[in-house]
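> Here you go, one structure.
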Amino acid sequence: MIGLFGGTFDPIHFGHLRPALEVLETLALHEVRFIPAHIPPHRGTPRIDAAARASMVATAIQDAPGFVLDTLELERDTPSYTVETLVRLRARYGEKRPLVLMMGSDAFNGLPGWYQWTKLLELAHIAVMARPGEPAQPQRFPKGFLEHHTTTCREDLHLAPAGSILRVPVTQLDISATYIRQRLATGASVRYLMPTSLIDYIYAKRYYISSHA
Ligand code: ATP
């Protein structure tokens with residue numbers, strides 16, 4: 001079973017990395033693939049281009065067992081619709097292999113606004129990682145949808161290639177890329193919010209300093 005963790009990663013931080021590790025362990029995933037979005041459809045243009053955000057992910061996960069960078073969304077010039085990414089990953093891994101789309105609860109709560117969102121569960125399971133400040137009960141889903149798909153049994157995810165939603169308890173880290181970008185822009189420390197190797201890389205490249213704002 002493979003975990004798929006998409007995001008802008010502008011930049012990646014411990015609020016991504018620690019929950020991802022906990023999902024990897026809890027679900028006994030073969031690996032977690034970090035998939036930086038090229039052109040995210042649901043938000044403004046990232047400050048740093050996709051190739052550079054992917055390089056930051058590579059720097060952050062180097063030597064991390066089970067963590068892999070996947071650049072498939074960088075190969076397209078169109079918006080990175082998750083459903084299209086999953087279709088391509090299905091073709092890569094075949095019909096039978098369980099795939100788990102990993103997302104924070106803020107992203108999950110907005111799922112009904114995503115392009116062809118109901119198809120996502122035909123292509124993968126979804127693991128939801130609670131994020132501080134997000135309501136536990138999403139409001140926008142059609143009646144009965146969550147009841148139909150939600151399981152509390154992680155074994156269920158190994159028994160089918162797609163179709164289940166599971167909430168995985170993770171350490172609550174109130175860290176966002178927005179907060180990190182703001183701190184870097186003002187010269188404030190970001191130590192203990194992200195890997196030291198990545199902080200050194202960001203300083204060397206002079207990313208996120210005010211002149212780039
Ligand atoms: P920004 O502040 O720029 O909006 P972000 O920190 O929310 O960025 P994204 O790259 O947009 O990071 O998030 C990618 C995925 O990681 C989303 O599914 C999001 O819910 C999840 N995520 C981000 N931060 C956390 C966190 N602190 N805890 C749990 N999940 C998180």
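Read-outs throughout are calculated quantities, based only on the coordinates presented, and are distinct from any laboratory measurement. Predicted, not measured: the structure shown is a model, and the values here were computed from it. Because the Cβ atoms are built from the backbone with ideal geometry, glycine has one as well, and the counts that use them run over all protein chains shown.
> First select every other residue whose beta carbon is under 13 angstrom from the beta carbon of R18; then total the charges, Lys and Arg +1, Asp and Glu -1.
Here the charged neighbours net out to -2.
> How high is the FRET efficiency between A64 and I209 when r is their beta carbon distance and R₀ equals 25 Å, given to the nearest 0.05?
After rounding, the FRET efficiency stands at 0.40.
> What is the range 1-122's relative contact order, in percent, from Cα pairs under 8 angstrom and six or more apart in sequence?
Normalised by residue count, the contact order of the range 1-122 is 32 percent.
> If you take the beta carbon distance between I39 and K143 as r and set R0 to 30 Å, what does 1/(1 + (r/R0)^6) give as a FRET efficiency, to the nearest 0.05?
It comes to 0.35.
> What percent does the relative contact order of the chain come to when contacts are Cα pairs within less than 8 Å and at least six residues apart?
Answer for the chain is 25 percent.
> May I pose another question? If we count every other residue with Cβ under 13 angstrom of G133's Cβ, Lys/Arg +1 and Asp/Glu -1, where does the sum land?
-2
> Next question, about the same structure. Run the simple label-point estimate for E31 and T152 please: 7 Å along Cα→C-beta, distance reported in nm.
3.4
> Using per-residue counts of other Cβ atoms within 10 Å, averaged over each peptide, order 136-142, 61-67 from highest down.
Ranked by mean Cβ neighbours within 10 Å, highest first: 61-67, 136-142.
> Can you list residues whose amide H is under 5 Å from I165's amide H, if they're 5+ apart or on another chain and H is modeled 1.01 Å from N?
I126, T150, T151
> So who's got an amide H within less than 5 Å of the one on G7, skipping anything under 5 residues away but keeping other chains? H placed 1.01 Å off N, in plane.
The answer is I35, A37.
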